[in-house]
Amino acid sequence: MANRARWMMKYEKGLVDILHENNTSHYRTQNGWRTEGWRKIVRDFNVRYPEAKFSKMQIQEHETQLKKDYKLIKSILQRDGVSWDQSASMVRTTDEIWDDIIEDMPKARKYQSKSFPLLDSLELLFDGEHLHPPHRAHMHSHTTYSWKRLRRAVLCADTFCFTKTNMLL
């Protein structure tokens, strides 16, 4: 049995960066990564972080966990009275609302006091335009806006529609 992978933040961020770099039609379909894509992702990761020595299975399992965590955070953020603190990379709400959230989604408890700094990057990867050119993953700004939110905002700009989903922080 392989050793349990120890995922430090630098490895998580590195994995997400590598996923973005390989997010092309050659390596990914709308349903997931191709076999050749996984081979390249694992090779790229282990070249970048040779000390980690993660197996293909460990990297695939962590990508799956990141996707679950991302979906959980997005689900929490759909609730009324909940907001995203961009500077702290944390969910913010009242204790009463947290109690309701945790009752409905027990796994959400860890995000009551834990940051999730990969939210914007994972949103681009999992909900953004699929098969985008790699250069999008390297755009940086003080405040990161998702392509999905920006697209909605641009589409609504002509009709002056403003909803919870297209308000840009």
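Laboratory data are not the source of any read-out in this text; all were calculated from the coordinates shown. Bear in mind that the values here come from a model prediction, so they are computed numbers and not experimental data.
Mind putting together the pair-distance distribution for the stretch 9-128? All Cα pairs, 10 Å bins, whole percent per bin, short to long. Using 10 Å bins, I get a P(r) of 12, 41, 28, 16, 3 for the stretch 9-128. Cross-link check: pairs K40/K110; K13/K56; K40/K71 evaluated at a Cα-Cα cut-off of 22 Å; pairs beyond the cut-off: K40/K110; K40/K71.
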